[in-house]
Amino acid sequence: MDEFPHRVPYRCLPINIANQAGWFVRTPVGFSVTWNGKHDLAGLKIEFLERLAPEREQALRRHIKSNFGGGIVTFAFPWLFRTPKGIGLWVRGPSNRVFYNARPIEGLVETDWAHAPFTMNWRIEKRNTAAYFRANDPVCMLTPFPLDLLDSLAPQIKPIAEAPELHEQYQAAARERNETVRRAVEGMKQGFELNYMRGNTRDESATWDGHRTKLKLRGFDSHRPDAN
């Protein structure tokens with residue numbers, strides 16, 4: 001996001017919130033993964049990008065490995081995650097982060113009862129082409145998720161014209177968005193529409209209660225046994 005002119009992606013609040021919506025698991029070292037196109041476990045080659053002590057490399061290979069075949073590299077986590085009853089973890093790739101030649105495979109884990117650790121998996125997409133993970137790259141994002149949320153929802157489709165005020169606001173917002181895009185294409189100087197960023201209605205007559213511009217996630221507390 002920093003590489004875009006004027007850091008434009010930071011002006012998109014939904015992108016920024018998505019980037020904050022979870023905790024990262026990061027790689028301890030840099031390594032490359034190459035898939036030869038075969039579907040057996042030996043079809044994946046993992047090479048560390050720095051010289052490691054033999055015991056360190058052996059330990060890492062227990063956690064970064066070919067576990068399924070089919071060009072999938074597996075991160076086997078050594079931790080057991082527990083969440084409150086009814087809350088699971090959405091185990092996914094880092095939001096809005098693109099890795100060349102590697103695609104995350106996501107899962108939803110019932111961590112409110114599970115007694116075994118889970119894995120994070122990535123699929124290498126091109127044969128005989130290395131995918132690179134640098135040291136400290138985020139390879140997993142952990143986002144809490146209410147396990148009964150989706151089952152509890154009842155989606156509906158309704159004509160927006162049934163809500164005249166909302167319909168008018170929607171049409172006006174669409175016109176403003178189109179004009180903003182037109183001016184950008186023509187290279188004209190312009191300001192950015194900030195109503196959503198501020199949680200305001202289009203005419204700024206009201207602010208949505210509970211609107212967020214950032215998330216404040218707490219870090220993990222480390223409760224270790226006393227050394228004595």
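Values as computed for the structure displayed
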{"read-out": "Test: residue in region 107-128 that is open to solvent by less than 10 Å² (accessible area, probe 1.4 Å) and among the hydroxyl-bearing types (Ser, Thr, Tyr)", "value": "yes"}
{"read-out": "Region 142-165, subset in contact (Cβ under 8 Å) with a residue 40 or more places away in the chain and out of contact with any Asp or Glu (no Cβ under 8 Å at 6 or more places or on another chain), residue surrounded by the fewest Cβ atoms within 10 Å (Cβ to Cβ)", "value": "Asp148"}
{"read-out": "Filter pass, Phe24 being of a type outside the set (Asp, Glu), more than 28 Å from Gly219 (Cα to Cα) and open to solvent by 50 Å² or more (accessible area, probe 1.4 Å)", "value": "no"}
{"read-out": "Flag for Tyr170 being aromatic (Phe, Trp, Tyr), open to solvent by 70 Å² or more (accessible area, probe 1.4 Å) and touching a Phe, Trp or Tyr at 6+ places or on another chain (Cβ under 9 Å)", "value": "no"}
{"read-out": "Flag for Arg97 being among the basic types (Lys, Arg), surrounded by 13 or more Cβ atoms within 10 Å (Cβ to Cβ), under 30 Å from Thr34 (Cβ atoms) and out of contact with any Ser or Thr (no Cβ under 7 Å at 6 or more places or on another chain)", "value": "yes"}
{"read-out": "Odd one out for Gly70 among (1) farther than 30 Å from Ser152 by Cα; (2) assigned to a strand (DSSP E or B)", "value": "(2)"}
{"read-out": "Conditions (1) assigned to a helix (DSSP H, G or I); (2) hydroxyl-bearing (Ser, Thr, Tyr); (3) touching a strand residue (DSSP E or B) at 6+ places or on another chain (Cβ under 6 Å); number of the one not met by Thr111", "value": "(1)"}
{"read-out": "The lone exception for Lys189 - which of (1) at pLDDT below 95; (2) closer than 30 Å to Thr74 by Cβ it fails", "value": "(2)"}
{"read-out": "Of all residues making up region 73-98, the number that are in a loop (DSSP other than H, G, I, E, B) and small (Gly, Ala, Ser)", "value": "3"}
{"read-out": "Phe77 open to solvent by less than 70 Å² (accessible area, probe 1.4 Å), within 30 Å of Ser152 (Cα to Cα) and not small (Gly, Ala, Ser)", "value": "no"}
{"read-out": "Of all residues making up region 46-55, the number that are surrounded by 14 or more Cβ atoms within 10 Å (Cβ to Cβ) and of a type outside the set (A, V, I, L, M)", "value": "1"}
{"read-out": "Yes/no for Lys38 being free of Cβ contacts under 8 Å to residues at least 60 places away in the same chain, open to solvent by 90 Å² or more (accessible area, probe 1.4 Å), under 30 Å from Thr129 (Cα atoms) and of a type in the set (Lys, Arg)", "value": "yes"}
{"read-out": "Qualifying residue in region 114-122 (condition: in contact with a Lys or Arg (Cβ under 6 Å, 6 or more places away or on another chain) and of a type in the set (Val, Ile, Thr))", "value": "no"}
{"read-out": "Residue, nearest to Phe118 (Cα to Cα), within region 56-104, restricted to residues that are in contact with a Cys (Cβ under 9 Å, 6 or more places away or on another chain) and of a type outside the set (D, E, K, R)", "value": "Phe77"}
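The values are calculated or read from the model by the stated rules, or taken from the named source; none is laboratory data. Model, not experiment: these values are computed from the prediction. Cβ coordinates were reconstructed from backbone atoms using ideal geometry, including for glycine residues, and neighbour counts include every protein chain displayed. The area values use the complete protein model at the heavy-atom level, side chains included, leaving out ligands, DNA and RNA. Shrake-Rupley method; radii C 1.70, N 1.55, O 1.52, S 1.80 Å.
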